[in-house]
Amino acid sequence: GVSGVDNVDCCNLALSRIGFGTQRPISALDSTDNTEHAQACVRVFPLIFRMVMEEFAWPFARASAALALTSADAPSGWAYSYAMPADAASVLFVEYDGFVPDWLNLNDHRNRWEVMADPSASGQIICTDQVDAWAFYVKDITEVQFTNGLFFDALAWRLAGELGLGLKAEAKMYEKAVVYYNQAIETAISKAKNQRGGTIRQPAETVVAHGGGLVQRDPWNP
């Protein structure tokens, strides 16, 4: 994580990037600091944080968990209905135990699945035909101390752009923030691609043989 900094520090960095932070830094993200700048940050920070989290599968936020069946019947057209993991911000893959996802390639799916509203309670469910399903997802993190430097930088630039509009900063300041945010995301994705090694290998898959029976085929040794 990013040690020694918190959400307030990120907001102050964002403010400084549009020309406000050094003169009037904020002290809190709640009602104890009722300055215009602090309350502007209070209004936009949670939403912008979530939007940046959803840009891609940040390595620090990746998680997987076995899914629990819901008590309600699966919706029409689906074999199983599972509860959404409580700490999930977004689900990327619904597969089997042992699946090795390529987190930066969302086309790496084998199973059909869909997130839907829970028909019997508040919240969401995951529908799939996969028995004993596992979800591979991005965790719902809300504190910058649990992220990394690349995320902190990107979030500060995204906040700067949003705050610049609301606080009527000079146009060139928030326009620069938008450009730098996009560059920060590109850098983070490039870095994530470099933080892995080898080749992802999936287990042998079952296919139909010419004679009609089922055989195990290893895609690495056809």
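The values are calculated or read from the model by the stated rules, or taken from the named source; none is laboratory data. Source: prediction; values computed, not measured. Backbone-built Cβ (ideal geometry, glycine too); neighbour counts: all protein chains shown. Just the protein is used for accessible areas: all its heavy atoms, side chains included, with ligands, DNA and RNA removed. Shrake-Rupley method; radii C 1.70, N 1.55, O 1.52, S 1.80 Å.
The alpha carbon radius of gyration of the stretch 19-147, expressed as a multiple of 2.2 N^0.38 Å, is 1.35. Rounding to the nearest 10 and keeping the result within 0 to 90°, find how far the Cα-based axis of helix 149-166 lies from the longest principal axis of the chain. So the helix axis and the longest Cα principal axis differ by about 60 degrees. Only aspartates and glutamates eight or more places from Lys172 in sequence, or on another chain, were considered; those with a Cα closer than 15 Å are Glu162. The simple Förster model, with R0 at 30 Å and r as the Cβ-Cβ distance, assigns Ser27 and Arg62 a FRET efficiency of 0.35.
Straight-line cross-link partners of Lys191 among the aspartates and glutamates, defined as a Cα under 19 Å from its Cα and at least 8 positions apart when in the same chain: Glu54, Glu55, Asp102, Asp153.
Between Arg112 and Val100, residue separation times 0.36 nm minus the direct Cα-Cα distance comes to 2.7 nm.
Seen against the Cα atoms of the chain and their longest principal axis, helix 171-194 is set at about 30 degrees.
Each residue was assigned an accessible area with a 1.4 Å probe, and for Glu54 the value is about 100 Å².
Shape verdict for the stretch 131-175, please, from the Cα gyration tensor: rounded (a/c under 1.5), prolate (a/b greater than b/c) or oblate. Kindly include the intermediate steps, with their values, before the conclusion.
Numbers: a/c = 3.95, a/b = 2.73, b/c = 1.45.
Verdict is prolate for the stretch 131-175.
Taking the solvent-accessible surface of protein heavy atoms with a 1.4 Å probe, what is the per residue accessible area of the chain in Å²?
Numbers: 12290 Å² over 222 residues.
Solvent-accessible surface per residue comes out at 55 Å².
As a check on your grasp of the helix formula, calculate [θ] at 222 nm for the chain: sum -39500 (n - 2.57) over DSSP H runs of n ≥ 4, divide by the residue count, round to the nearest 500. So the calculated ellipticity at 222 nm is -11000 deg cm²/dmol.
For Ser190 and Arg50, what is the calculated FRET efficiency with R₀ set at 25 Å and r taken between the beta-carbons, to the nearest 0.05? The pair Ser190/Arg50 has a calculated efficiency of 0.65.
Quick one: compute the contact order of the chain, relative version, from alpha carbon pairs under 8 angstrom and 6+ residues apart, as a percent.
It comes to 25 percent, rounded to a whole number.
Checking the cross-link filter: which lysines have an alpha carbon closer than 23 Å to that of Lys168, excluding same-chain neighbours under 8 positions apart? Partners within reach: Lys176. Each 5 Å bin from zero up to the one holding the largest Cα-Cα distance in the stretch 59-111 carries the following percent of pairs: 4, 16, 25, 25, 19, 8, 2, 0.
Once the Cα-Cα distance is subtracted from the 0.36 nm per residue extended length, the Asn148 to Arg43 segment shows a gain of 35.5 nm. Excluding Leu163 itself, what net charge comes from residues whose Cβ is under 12 Å from its Cβ, given Lys and Arg +1 and Asp and Glu -1? After counting each charged neighbour, the total is +2.
From the gyration tensor of the Cα coordinates in the chain, what semi-axes in whole Å does the equivalent ellipsoid have, largest first, with each one equal to sqrt(5λ)? Don't jump to the answer; show the numbers that get you there.
Working: eigenvalues 354, 91, 35 Å².
Each semi-axis is √(5λ); the values are 42, 21, 13 Å.
Counted by Cβ distance under 14 Å from Ala65, the other residues give a net charge of -3, where Lys and Arg count +1 and Asp and Glu count -1. If you plug the beta carbon distance of Asp6 and Val179 into 1/(1 + (r/R0)^6) with R0 = 30 Å, you get a FRET efficiency near 0.70.
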